[in-house]
Structures are given as C-alpha cells and as structure tokens.
1. What does the convex hull of the Cα atoms of segment B:57-196 come to per residue, in Å³, rounded to a whole number?
2. Mind listing the long-range amide H neighbours of A:Thr409? Cut-off is under 5 Å, sequence gap 5 or more, other chains count too, H placed in the peptide plane at 1.01 Å from N.
3. Express the accessible area of chain A per residue in Å², computed with a 1.4 Å probe while the remaining protein chains stay in the model.
4. May I have the count of lysine pairs in segment B:57-196 with C-alpha atoms under 19 Å apart, counting pairs 8 or more residues apart or located on different chains?
5. If I ignore ligands, DNA and RNA and count only protein heavy atoms, how much of A:Met59 is accessible to a 1.4 Å probe, in Å² to the nearest 10?
6. Collect residues whose amide H, placed 1.01 Å from N in the peptide plane, falls under 5 Å from the amide H of A:Ile577; neighbours closer than 5 in sequence don't count.
7. A drop of at least 20 square angstrom in accessible area, chain alone versus all protein chains together, probe 1.4 Å. Which residues of segment A:157-203 meet that?
8. Roughly how many Å² is the accessible area per residue of segment B:57-196, as a whole number, for a 1.4 Å probe?
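The values are calculated or read from the model by the stated rules, or taken from the named source; none is laboratory data. These figures come from a predicted structure and were not determined experimentally. Virtual Cβ from ideal backbone geometry, glycine too; neighbours counted across all protein chains shown. The area values use the complete protein model at the heavy-atom level, side chains included, leaving out ligands, DNA and RNA. Shrake-Rupley method; radii C 1.70, N 1.55, O 1.52, S 1.80 Å.
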Amino acid sequence: MEFFERFAIPHPSPAIYASMVAIAVVSIAIVVGLTYFKKWGYLWREWLTTVDHKRLGIMYIIAAILMLFRGGADAIMMRAQLSAPENKLLDAQHYNEIFTTHGVVMILFMAMPFIIGFMNFVVPLQIGARDVAFPRLNALSFWLFFAGAMLFNISFVVGGSPDAGWTSYFPLADNEFSTSVGTNYYMIAIQIAGLGTLATGINFLTTILKMRAPGMTLMKMPMFTWSALITNVIIVFAFPVLTVALAMGTLDRLFGTHFFASTNGGMDMLWANLFWVWGHPEVYILILPAFGIYSEVISTFARRNLYGYKSMVASMVIISLLSFVVWVHHFFTMGQGAFVNSIFSITTMAIAVPTGVKIFNWLLTLYKGKIVMTTPMLYSMLFIPLFTLGGVTGVMLGMSAADYQYHNTMFLVAHFHMVIIPGVVFAMLAALYYYWPKMFGFMLNDRLGKIGAWIIAIGTLVAFMPMFISGLDGQARRMYTYSEASGFGIWNMISMVGALMLAAGFALIVYNIYYSFRHAPRDIGSDPWDARTLEWATHTPIPEYNFATMPKIDTYETFWDSKKKGTTLFPDKIEKIHMPNNSGIPFIMGIIFFLWGFSFVFAMWIPLIICTLGIFACMAYQSFENDHGRYISIEEIEETEKELGGKR
Amino acid sequence: MKIDHSLPLEYSTDENRLKILGFWIFLGAEVMLFATLFASYFILSGGTGDGPSGAEIFEITPVLIETLVLLTSSFTIGLMVHAMRLGRQKAMMGFFIATIVLGAIFLGVEIYEFVHYVHVGAGLQTSAFSAILLTTLGTHGAHVTFGLFWGICILIQVKKYGLTPRTTNKSFIFSLYWHFLDVVWIFIFSFVYLKGMM
Ligand code: HEM
Ligand SMILES: [Cu+2]
C-alpha cells in the first residue's frame, strides 16, 4: 500500500476525481469499440506502424486538436475563476496547476505538433519528394512527442500537476517549494517530446536540403517550405539548450544537485537564462511556419504571386538570427542592469522591422490581386490587423524602462495571446481548411467556416483587449483572485465572455467537420482552390508514393505555369519506385519512453533501468535489422494512376 | 538502389548521402548541447560553496593519460576510414578494434577520476561547481560509452556482411562521431582542466 501512496494526488478536488472516472470510461470505450469493430489490425497496420509522412502529419494534427481542447478546458476554468472578484471556484493551488498545464500544453503539445503536422504533410509534397529523408526517424519523432504529451497529461490524476508556471523558474520549481512530483513531470515529459522535435529538425533539414525535385533551387522553393527550413534550423540550434536545462533541473530535483539552488554556489538565474535562450527562439519556431502558411494562402486567394519573395526569405533569415539574441527581454526586471537591458531592448525592437517587411509584403500581394474570400483567406485577413496589435504591444514591452510597468501583468498576457492566437492558431485553422480537401477528399463548409472565423476573431478581441487595460492598471498575472476594490471585475467579466465566444467558435469548427463529412460532395478533383504549388499537382487521395514521376521545376510556381501555359510538369516515364517498409519499432519505443518517463517521475529506479535497457535494445535491433525497403512495380503504379484518373 | 561507383562506398547511394548530411546536422545540435554545458560550467565554476575548487581536486596524470588515449583513438579511427576506402577489411577492422579498446581505456581512467573526485569530497551534491563538472564530464563520458556499444554493433555487421555501402556508411558516420568527441575533449582539456589548474 505504501508503494501506491506516491501516486495519490496531493491536492484533490471533486473535478479531478470526475476526470479520473471520465478518463477511465473513455479508455474502456475506445478499447471496447476497437475490439467490437475489429479495428485493431487496421489500426496497427495503417497507423501505428506507418512511416508515411502524410499519415504522421494527420496524426500530429489530430493530437494537436485534442490538446487544444485540453488546454482550452484549462483556459475556461481560469477565466471562470477570475470572472468575478474574490471568486471561490478554484483555490490558489489549483489555479497554479491549471495555468502551468495550460501554458505547457498549448505551446508544446498543441502549437508545436500542429505546425510539425503541417510540415509533415506539406513539405515533401511541396518539394516533389516521395517522403522525408528518414521516414522511420520521423515516426519515432511522432511517438516521442506523443509519449511526452501523454505523460504530461496524466500528471493531474497521477501524483499531481506541475504548478510552477510554464517557465518553471527556480528556486520556485525546486523541491523546497514545489513538493509534489508535478515538476518532475514537467522536466521529463518535455524532455521526451523535445528529443522527438530535435529529430524532426534534423530530418526536415536534410529533406529540404537534399530531396527537392530536379530544378527546384533554394530560391524556387515555395514560401512554406522556406519557413520550414528556417524553423528547423532554429529547432536544431535551440532545442539542445532546453535539453541541458531540463536535465539540470531533473538533477536538481531528483539527485540533489545545486545548479539552480540559492545555496552551495547554485544560481537560479541560470535557469531563467537557459530557459529563454531556448524559449524565445521557440516562439519563432511557432510563428515562422505560420507566416509560411499565410504566404501560401494569401497568394493563392489573391490570385497572384507573392510580392517580394526575396525580402520574405531575407526577413525570415534575419528574424531567425535575431531570435537568438533577445532572450533577456523576458526578465528585464531581474537585475542585470541598465546597460545589458538596453542592448536587449534594441535587439528586441529590431525584430519588428523584418516582421513589418513581411506584413507589407502580404498587403502588397493583396493590392491589385483578385481576392477570393474563402475561409482560409478570411483567417489570413483577420490575422493581419490582430497580429499587428500583438506585435506593437510587444515593442512596448521591449522597451526595458517601460517594461517595469508591464512586466508580470495581464498586459503581457494580452500581448502574447494577441501574437500567438492570430499568429499561430489562425494560421493553423487556415491551414486546416486549406489542406483539408487534400487530406480527406472533401471540403469543409465555407459558410460555417466563415461564421466560425468571425466568432473566433471577435472572441479573441473581447477576451484579450480588456487585459491590456486591467494589466496597465496593475492586475498581476498568475494571481488566482483580486479584490472588489481593485475595479478589475468588469474587465475580467468581459474577458470571460470572449473566452466563451472562442469556445463556441472551436465547437463550431468541430460541428463543421461533422457536417461536411456528412454532406460535402466528394468529386472535388485534386486542385479545388486553383492553387499554385506542387502539393496540388498530385492526385487526391494522394498515392503513397506522392508523385508517379518526378516533377521538373523551372520557376517558383511551376505548377501554376503548367496550368496557365500548358507546359508539362511531369515529363518522365514511370519507373519502379523505392519505398520504406512500415515498422513497429518507433511505436514500441514510444511506449517504452512513456514508461521510462513515468518511472523517472516517481524515482522508481529499477523500472527506469529496465526501460533504459529496453530503449537500447530497440536501437540495437534497429541497427541489425536488414530492411532495404520495397519496390512498387511499374504495373502497380500504372494501375493506381489509372484508378485516380490518369497519370499526371 | 542506384550505386554511384565514382564515389567512395560510404557515399555511393542516395540514402547514404542523406545519412551523412543528417549526421552532420546532428553534430551541429551536439555542438549546441556541449556549448550550453560549457557556458553553464563557466558560470558555475566559481560556485564552489563549502566544497573544493577545481585547482584543489584536479590531478594532471589521469587527465594526460585520457587525453593521449583519446587523441590516439581519433588517429586510429582515421586510419580505419583510410583502410576502408582501400577496401582492406582486415586492416579496417583492426583499426576499428584498436579505437574501441582505446575508448574503453579512456573510460576506465575517467571512472577512476570520478571515484577520486567523490573521495576528495566533490560529489554530485557538494556544490554547483562539482555538479556541473561531473555533469559536463559525465555527458562526454556517456557519449563515449554509447559510442563503444554502437561501434561494437557496427563491427559485428562489418564482419558479417563485409564492406558494403551500408556497413561502410555506418562506419564512416561512427568516425565522424568519434572525431567530434575528441574535439569536445580538447575543449574540456583546455577550458576545464588547464584553466582550472592555473
Ligand atoms: C514584434 C514582435 C515581438 C516583440 C517585440 C515581443 C516582445 C516580447 C517581450 C518584451 C516579452 C516579455 C514581456 C515581459 O515579460 O514583461 C514577450 C513575452 C512573450 N512573447 Fe513576445 N514579442 C514579439 C512577438 C511574439 C511572437 C510572434 C510570439 C509567439 C508566437 C510571442 C510570444 C510571447 C510569449 C509566449 C511571451 C510570454 C512569456 C511568459 O510566459 O513570460 N511574442 N514578448
Ligand atoms: Cu521573447
């Protein structure tokens, strides 16, 4: 019995017990359902063992949407607690846990997989490749991310959630002040997911650098691929910093070291520095692919080529460099002195320049374009003004002297939500509508889509604009309540309304998926948007080999040119195609990593050692396995192409 | 699989070239990993608390042995690649084995060194300095340990299949890894030990 006590929740509440029951019921329902409909074999063959970038992309996106709802539930609880002064819905400890899991889930387990999901689905198609460079590693990346996400998500029912904020500053995150295993979950779950992300970075860099279709030089790559390239460079250079920081945090908490303690020579500010050396590049890992999506959507629906291609690329390169030299702006108030603050103030504000260049390029693409207002385009149009609000307030925060007023208030919370929601979330929703037909062979309803977009955009404004005001008035962030006399009540009540609008908007998207699945026509062809880039040049549904023959590229929009001028995109004859085999190893490693992390969280050393050996055994097996992949014969390809409406 | 005979075996297929580039990128990430550790080391190296400082615990003899052994192993792995390109499997395996043996000696001395540190009162929990010292050295040592097992796996495959595009590719990538660990060690030698002893 004593053994099991460690799994108890230190600070329970009826809602947590209810969640336990709900989780158990849903898990049982899934198992029963799969057994009843005899879907285990299908699931294993087609999804769990797949190494196909398209399927992995879809799995990332599904996971991201699930996490969006988990993070969204946290958000609604927080807004509900704050909607009135001296509210008693949540106590301080629960509020701490909820804002921590909300932040981590939204940034690392919602936004990241959403972006990586679209990178998976789109990039190989856009560059005319058959898959990524290392398909099996790609599957491993997904399963590591998924293992990390699941491990983090069970914290609130097994052992207790982390409660030191998504930034997990020391000494608060040390054993002395964070006594439950929650912060162990933080350190280890993010570590596991981070390893997967690092592998993704290496994989996609290699893919984009080496596997482009003949004739596609770097400066003929579509803009989304460019953004993916730069993002992956940032991933490769930023994530190892997080790896080290988390490892040191883990050592501090579980092995009694004093890296970040305030005794025995430790230095708590080292954590803050390492965290943000990764953390600020991380926000650009999120936003650059989103910019890439907007570039694709805007040029498709303005029916003209992207204005300022070269300056788009240059601005992304500059942003990626600057993103590594601004991290101190997250703690101007923590005592590094005026000189250091001024330097980081200047670098921070400098980022607004290349960002502004991009905004103007989009505006100039629209100018003289023939705008077609579809749902993805509507999201892009709403993005520009809303994101600008977030960016301009970012520059305000970047002025170190002024930041003493804004720091750690709701003003900051409003800033980063106004950049992340219009910037990243709108982009992901635009991409979801835009690529949906390519993924599933039918379109999402445009009318419902547009209503949803307006509700979400207005909801964002209603939820976050009041925070600028209450923040300037001094409402602190991460405080579970405030007094009546402060006068913050009204602003928080308005915020609550906005949060409910956002929830309604997301619910409408889910309904739209259901509605369109039932009613949308299926004969939409392979290029329903009349788009410009290669991913639309192949069939829908996309055959597993993507392109029967390699496209020949001579301009930045060869597919568009082939449609307008009738040039041939696929001049070659069909040859047999080499494809990688499916493999169960990545999935199995994901499970072992989950158990490994779980054992680590609870300091159960024997299972930890067993799992470690298991991981090495999988790697050795992988090394010795003689799997040369397989070939798809010419007849088989011709057969498939005929079924899909003839070879391109 | 198309084999390009104008290139050395390890570069001869598309897949091989992808793997080599991918590994270089991985080494880029490793550079960041060790750079972060070094940065943390410099920041915490004064944080000795009640524990000893570097100058009080570093011993020159084991460090010199480690350095010598590891540099030699980098030389033998270079010879391994050379023999591989000449198609001389026996010699190639000989140099490979020599590298692994030298790596094992390095590791043995490093373990002695760790025991020594704990003995003189610089354990993981003593101070921030001792912790970052052991973590930095330990990360490098863990890489070497992993390399030993990895190298043995590759060696077995070379024995089994001969010098094929696959096995040469793996061996070549291993040599990149091993040279990288040597470079990291040179940084450790200069900036941890020499600087610490001065
Ligand atoms: C013009 C561009 C931007 C500028 C000048 C800027 C500036 C800043 C500054 C100075 C802070 C720290 C404020 C404080 O702690 O007092 C901050 C926080 C933050 N920013 Fe931005 N930012 C910009 C764009 C972005 C983008 C594009 C994203 C994400 C996609 C983002 C996400 C965040 C997040 C998540 C935080 C809060 C971190 C925390 O929890 O403390 N920012 N920003
Ligand atoms: Cu920042």
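1. 90 Å³
2. A:Arg477
3. Result: 38 Å² per residue.
4. 5
5. So the heavy atoms of A:Met59 present about 20 Å² to solvent.
6. For A:Ile577, whose amide H was placed from the backbone, the distant partners under 5 Å are A:Ile632.
7. The answer is A:Ile202 - residues whose exposure falls by at least 20 Å² when every protein chain is included.
8. 40 Å²
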